[in-house]
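Student: Pasting in a structure now, in structure tokens, and then I'll have a few things to ask.
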Amino acid sequence: MSYAFFPGCDVPRKSTPELYVSAVGLCQKLGIELEELEYAPCTGSGMIQSKDQALGDTFNASTLAMAELTEKPLMTICSTCQGVISQANARFKEEPDYLGEINKTLQEGGLEYKGTTEVKHLLWVLTEDFGLDRLRSMVVRPLKDLRIAPFYGCYLLRPSAILGYAENPARASALEDLIGALGGTAVDFRGKKLCCGYPIVSDNERNANAMIANHTLEAKEKGADVMVTPCPLCHMNLDGAQPAAADQKGTRIGLPVLHLSQMVGLAVGMDASGLGFERHTVSTKDVVARV
Amino acid sequence: MPAHDVLVIGAGLAGMRAALEAARAGVDVAMLSKVQPLRSHSAAAQGGINAALGEDDSWETHAFDTAKGSDYLGDQDAIEILCKEAPADIIELERMGTVFSRREDGRIAQRPFGGAGFPRTCYVADITGQAILHVVWEQLIGADVRSYEEWFALSLIVDDGVCRGAVALNMRTGDVMPIQAKTTVMATGGLGRVYHPTTNGFICTGDGTSLAYRIGVPLMDMEFVQFHPTSLKESGVLITEGARGEGAYLLNSLGERFMSKYAPEKIELASRDVVSRAEQTEIDEGRGVDGCVLLDLRHLGAARIKERLPQIRELALDLANTDVIEEPLQVRPGMHYQMGGIKTDIEGATTIRGLYAAGECACVSVHGANRLGGNSLLETVVFGRRAGAAASQYAREASNVTVPETVVQRDLDQIQELFSRSDQGENAAAIRRELGETMRSNVGIFRTGEQLQSACDTIGELKKRYARLKVRHTGEVFNTELLSAIELGFSLDLAEAMAASALAREESRGAHTRRDFPERDDANWLKHTVAYWTPDGPQLEYAPVNIIRWQPERRVY
Amino acid sequence: MRINLKVSRYDPQSDGDAHYQTYSLDLPHDATVLDALIQAHGYIDGSLALRYSCRSAVCGSCAMRIDGQARLGCKTKVVDLVHQEGQEVLVEPIGNMPTIKDLVADMESFWGKVRQVQPWLHPAGPEPEREYLVPHATMLDLAGAMNCIMCGACVSDCTVLEVDPDFVAPAALAKAYRFVGDPRDQADGDRLRALTEYGGVWDCTRCNMCVEVCQKGVAPMDRILALRRKAIEDGFQDHIAARHVIEFEEQQRKASWMGV
């Protein structure tokens, strides 16, 4: 199993470096070969697109083109990267003339995107390509005492039409299925497919905090010991901003939040000290101890 | 007690256009509607609105097409007004912001439609009604016009022979109160739910037509009901004539474009009554497919379908599991429009002072025995405007009369009656279904005296059962069971007038086709049927047709 | 096919809270959720209150939450929701709004917000002799926004509205786009100024929920982003979010090895 790897922007390497470290480490452990696209730019994450759609599309076309050169599918480790790149990919398929225009800029840099790259989040690489059965067989620390609340991240879910949900309906429960395969119990709560508020956290802190508080408290109410998310931006909010959200709400929250790769890493026997838990805001000590 | 200069009942296109005109005239106008205005069935009109905008077109040609389309039963003074004023009204709609599809030169594009001698149907992809309805609503927001939304009109208030407003029920609270007005404009649309199936929405129960009928206003030409040639088999949902306007074919089971037999010149774009009859004949004679004919759009190509006919593609995918890009679509004639209605003059005035009517619920008559596609949206705008203007003028001159609070008593008593009867096992939905099927079978595309008499008898029976109907839910908030029961009463009265008028007319003209009287008989029947409500059923009289420019000719397409 | 239709009931005249009532129904294969409700209402329980009319997804009456997601009842096939006989289908009124009764939501705040964006054409200058001359492509683009039937599904499930009732919300913003994008409307400046204030385009959290639930292809969030781009282009940058976007875009542009 071999993939072109888009690690994302500064976020997984600087803001949430535990993600990069745990994801790369996990893939190594599982025998998933990664060819990192060193020069792939930020996807724009919707921010660039709020000013200049074409610039964002150009960046993503270059990433897709670089992946295309490797002749491997492109793996992402961030819901937002997955979503934004998929949206661009869909746009290019729908409007080949537009892609032609974008390619003119790419050609100046010696690249051309022909439209063939498949983009897959690590979550789907695990549940579809690697396979849940195989993963199950590699579990050495079953997560049997943990009740885990899955938080998908908007960009991994919507618009469903361009994220392959029709062709792969199992994606709708991929996180829960994965949790189950690792021996854990998935907690069902309404917020699991809603928004964490990251895109507005610096512009409307009040609303973002309200969303964080709502989802973490609901998960706790439904019995969750820990939350897991495949998106570092969600993580930054749900974990990093959790104290501020708790403050605003006027109550304690204290729900640890794991990255997808950390959760899987723990279950398949990776050394906890190599998974970057010390970087978290909300302490994960208890959770890690229980595993 | 609320009081206004002008009360418009019904907030679809005709109603809102009337209200807008009244607002511009500076009078105190209010709209009343049992649904939020954008839920009105005008939104379901798809294909387009007619106007002689082109340099090579003329309002006279449009008017002739309309008169011929009406099988010469249309009043030609009204038709002239419709067609002459159309261009200005369309331009006005565009200036209000309607997103009409355009030609290369940026001018409003027009497509061919049935029975038209020239492509004069302006359109917004295939959501024309929705687009125009929303634009007129936007204008009313800008003009800050008062509206009683989700209020149900129970009866019209008549004092000393003059209409003084309506008694209405606030659907949110159950309160019944009089809403006084110096003039009332009835614009409650069609009555499709008298039939099953129908292209019409569930709200099209003919309320206003029945309300006017019950206070002695005559209903004209009730026997003339349009069956739209292309409605979906199961749901009855409309598939626009615009599909044929873009070039779609109608095929029978042998793959033939059978319309060339029935309308050698216009083929699929013959007048709707001609096409529906042809389809029914093909089906009856064994050349149908599952009781339908086929609408074939494949040769139009994916790009054109996606641009010009996106909504009907969605509808066919959702409701008929058919992608019209890949396969032909099963369609059949479905009850669609009422040519007849509340008799009005060319200003929208009825025989009762203070009461006006416009739109599908009215009969001026512009459509006569059969309506051309694209003329109904046009009628709502032209005559909605005229009725609004005339009603405003009347209101300015009318004196203030206060009606007593007790006007609500009869409606309150009726509601009590519905609640307090003993339960004799009657069910409104079942009665409505039987009514609909009787109308389809016996007052359908092809009629015989025997069938029509049978329909009259059945309707009589259904009315007796209706008189035993009990409404079980007695809550005050949003009591849909009560309102459905009242609507059923409206529908039964109208069905009675329709069947009786049809039985009496012993000829075939336009959409009224008698197997036992298959020819058009101008000598005896070039006249409008006028039905008056009596406790013993409709009393029929006749009124002359205004023939001005075009003498009736043999009608072929 | 047999289903159990579990419907949220609420009667303001009773003392109780909302509760669920289940109707067991036998439906034809191609039935929609609206068909099921009409059957329940017509033949089993006349006290059920709901709004419906066209059943062809053009009037917007029948928006409701079906299995937790806002949809049009008439455009949701039961067979797409149900995988075995007797399965439950959950039907509730649309969210982010109070309930009048059962499935009838109080849409006052919805209409209020639509009115707030001044949703009528503000033409400028003298009227042309006939129609305004506008490119067909522009009209097509606006017809896409005009596809909105004001059903309320997007507002029902908007994740920002859930925490902040002052957000103008997707439907009103999509409606505003229809005017900003219309060459015949000259109030762009005023509109964009208003739209970039609190509760406007910059308060959308870009979650795509409105795009997902809209069954008429309006894609409200795409329109919101288009408004953002126009606002920045036209100089309406006096908002912290706009400044962040401008900064970020410049940063990425400079950091890029491509000649962008």
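The values are calculated or read from the model by the stated rules, or taken from the named source; none is laboratory data. Since this is a predicted model, take the numbers as computed values, not measurements. Positions of Cβ are generated from backbone atoms using ideal geometry, with glycine treated the same way; all protein chains shown enter the neighbour counts.
Rundown of residues vs (1) more than 9 Å from chain B (Cβ to nearest Cβ); (2) of a type in the set (S, T, N, Q); (3) in a helix (DSSP H, G or I); (4) surrounded by 22 or more Cβ atoms within 10 Å (Cβ to Cβ), yes/no style:
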{"position": "C:S56", "(1), (2), (3), (4)": "no, yes, no, yes"}
{"position": "C:M64", "(1), (2), (3), (4)": "yes, no, no, yes"}
{"position": "C:R71", "(1), (2), (3), (4)": "yes, no, no, yes"}
{"position": "C:H83", "(1), (2), (3), (4)": "yes, no, no, no"}
{"position": "C:L90", "(1), (2), (3), (4)": "yes, no, no, no"}
{"position": "C:S109", "(1), (2), (3), (4)": "yes, yes, yes, no"}
{"position": "C:T138", "(1), (2), (3), (4)": "no, yes, yes, no"}
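Student: Condition check: more than 22 Å from A:Y165 (Cα to Cα), away from chain C (no Cβ under 14 Å), hydroxyl-bearing (S, T, Y) and in contact (Cβ under 8 Å) with a residue 12 or more places away in the chain. Does A:T70 satisfy that?
Tutor: yes
Student: Just one of C:A174, C:A169 is touching a Pro at 6+ places or on another chain (Cβ under 9 Å), within 14 Å of chain A (Cβ to nearest Cβ) and either touching a residue at least 60 places away in the same chain (Cβ under 8 Å) or of a type in the set (G, A, S) (or both); which is it?
Tutor: That would be C:A169, the only listed residue that is touching a Pro at 6+ places or on another chain (Cβ under 9 Å), within 14 Å of chain A (Cβ to nearest Cβ) and either touching a residue at least 60 places away in the same chain (Cβ under 8 Å) or of a type in the set (G, A, S) (or both).
Student: Give the stretch C:177-211 a look and list any residue that's among the hydroxyl-bearing types (S, T, Y) and either surrounded by fewer than 23 Cβ atoms within 10 Å (Cβ to Cβ) or without any contact (Cβ under 8 Å) to a residue 24 or more places away in the chain (or both), or say none.
Tutor: C:T196, C:Y198
Student: Moving on. Would a scan of the stretch A:185-207 turn up a residue that is among the hydrophobic types (A, V, I, L, M, F, W, C), at negative phi and more than 13 Å from chain C (Cβ to nearest Cβ)?
Tutor: yes
Student: Here is a follow-up. Just wondering, is there one or more residues in the stretch A:161-181 that are assigned by TED's automatic domain parsing to the domain that holds A:M211, in a strand (DSSP E or B), modelled with pLDDT of 95 or more and out of contact with any Phe, Trp or Tyr (no Cβ under 8 Å at 6 or more places or on another chain)?
Tutor: The answer is no, given that none of the residues of the stretch A:161-181 is assigned by TED's automatic domain parsing to the domain that holds A:M211, in a strand (DSSP E or B), modelled with pLDDT of 95 or more and out of contact with any Phe, Trp or Tyr (no Cβ under 8 Å at 6 or more places or on another chain).
Student: All but one of (1) assigned to a helix (DSSP H, G or I); (2) surrounded by fewer than 17 Cβ atoms within 10 Å (Cβ to Cβ); (3) more than 19 Å from the chain's Cα centre (by Cα) hold for A:D129; which doesn't?
Tutor: (3)
Student: Assuming B:L93 fulfils every condition listed in (1) surrounded by 19 or more Cβ atoms within 10 Å (Cβ to Cβ); (2) within 10 Å of chain C (Cβ to nearest Cβ); (3) modelled with pLDDT under 95 apart from one, which condition is it?
Tutor: Answer for B:L93: the failing condition is (3).
Student: When you go through B:G359, B:G348, B:G374, B:G341 one by one, which is the residue that is of a type outside the set (V, I, T) and within 24 Å of B:R313 (Cβ to Cβ)?
Tutor: Exactly one residue qualifies, and that residue is B:G374.
Student: Quick one: is C:D45 at the interface with chain B (Cβ under 10 Å from one of its Cβ atoms), acidic (D, E), farther than 26 Å from B:Q311 by Cα and out of contact with any Asp or Glu (no Cβ under 6 Å at 6 or more places or on another chain)?
Tutor: Answer is yes for this residue.
Student: Just checking, does the stretch B:430-453 include any residue being under 20 Å from C:G46 (Cα atoms) and aromatic (F, W, Y)?
Tutor: Looking for residues that are under 20 Å from C:G46 (Cα atoms) and aromatic (F, W, Y), one finds none in the stretch B:430-453, hence no.
Student: Restricting to the stretch A:208-227, and then to whatever is acidic (D, E) and either surrounded by fewer than 20 Cβ atoms within 10 Å (Cβ to Cβ) or within 16 Å of C:I240 (Cβ to Cβ) (or both), can you tell me which residue is nearest to the other protein chains (Cβ to nearest Cβ)?
Tutor: That would be A:E218.
Student: Quick one: how many residues across the stretch B:442-465 are within 21 Å of B:E507 (Cβ to Cβ) and either assigned to a helix (DSSP H, G or I) or of a type outside the set (K, R) (or both)? Show your work before the answer.
Tutor: At the first step, the residues of the stretch B:442-465 found to be within 21 Å of B:E507 (Cβ to Cβ) are B:442-456.
This time we only want the ones that are either assigned to a helix (DSSP H, G or I) or of a type outside the set (K, R) (or both), so: B:442-446, B:448-456.
The qualifying residues number 14.
Student: Please go through the stretch C:13-29 and give me each residue that is buried (at least 16 other Cβ atoms within 10 Å of the Cβ) and in a loop (DSSP other than H, G, I, E, B), ordered by number. Break it down into steps so the answer makes sense when it comes.
Tutor: Within the stretch C:13-29, the first condition is being buried (at least 16 other Cβ atoms within 10 Å of the Cβ), and the residues that meet it are C:23, C:25, C:27.
Of everything in the stretch C:13-29, just one residue is buried (at least 16 other Cβ atoms within 10 Å of the Cβ) and in a loop (DSSP other than H, G, I, E, B), namely C:L27.
Student: Further question: May I ask you to list pairs of residues, at least six apart or on different chains, whose Cβ atoms are under 8 Å apart, with the first in the stretch A:1-29 being closer than 23 Å to A:E68 by Cα and the second being acidic (D, E) and part of a helix (DSSP H, G or I)?
Tutor: That search, which allows pairs on different chains as well, returns A:M1/A:D129.
Student: For B:L483, all conditions in the list (1) touching a Lys or Arg at 6+ places or on another chain (Cβ under 9 Å); (2) within 14 Å of chain C (Cβ to nearest Cβ); (3) surrounded by fewer than 23 Cβ atoms within 10 Å (Cβ to Cβ); (4) not in a helix (DSSP H, G or I) hold save one; what is the number of the exception?
Tutor: B:L483 satisfies every listed condition except (4).
Student: Can you find a residue in the stretch B:109-129 that is away from every other protein chain (no Cβ under 14 Å) and more than 20 Å from B:Q46 (Cα to Cα)?
Tutor: Yes - at least one qualifying residue is present in the stretch B:109-129.
Student: So which residues in the stretch C:204-227 are at the interface with chain A (Cβ under 9 Å from one of its Cβ atoms) and over 16 Å from the mean Cα position of the chain (by Cα), if there are any at all?
Tutor: C:A226
Student: Go through (1) surrounded by fewer than 16 Cβ atoms within 10 Å (Cβ to Cβ); (2) modelled with pLDDT under 95 one by one and return the number of the condition B:L319 breaks.
Tutor: (1) is the only condition that B:L319 fails.
Student: Checking the structure you have, find out if any residue of the stretch B:169-181 is basic (K, R) and either surrounded by 24 or more Cβ atoms within 10 Å (Cβ to Cβ) or under 21 Å from the mean Cα position of the chain (by Cα) (or both).
Tutor: no
Student: Collect the residues in the stretch B:508-557 that are without any contact (Cβ under 8 Å) to a residue 40 or more places away in the chain and in a strand (DSSP E or B), keeping them in residue-number order.
Tutor: Correct list: B:K527, B:Q539, B:Y542, B:P544.
Student: Let me ask something else. Of B:V471, B:V381, B:V403, which residue is assigned to a loop (DSSP other than H, G, I, E, B), more than 14 Å from every other protein chain (Cβ to nearest Cβ) and either free of Cβ contacts under 8 Å to residues at least 24 places away in the same chain or in contact with an Asp or Glu (Cβ under 6 Å, 6 or more places away or on another chain) (or both)? Before the answer, list the steps.
Tutor: On the way: B:V471 fails: more than 14 Å from every other protein chain (Cβ to nearest Cβ); B:V381 fails: assigned to a loop (DSSP other than H, G, I, E, B).
The unique qualifying residue is B:V403.
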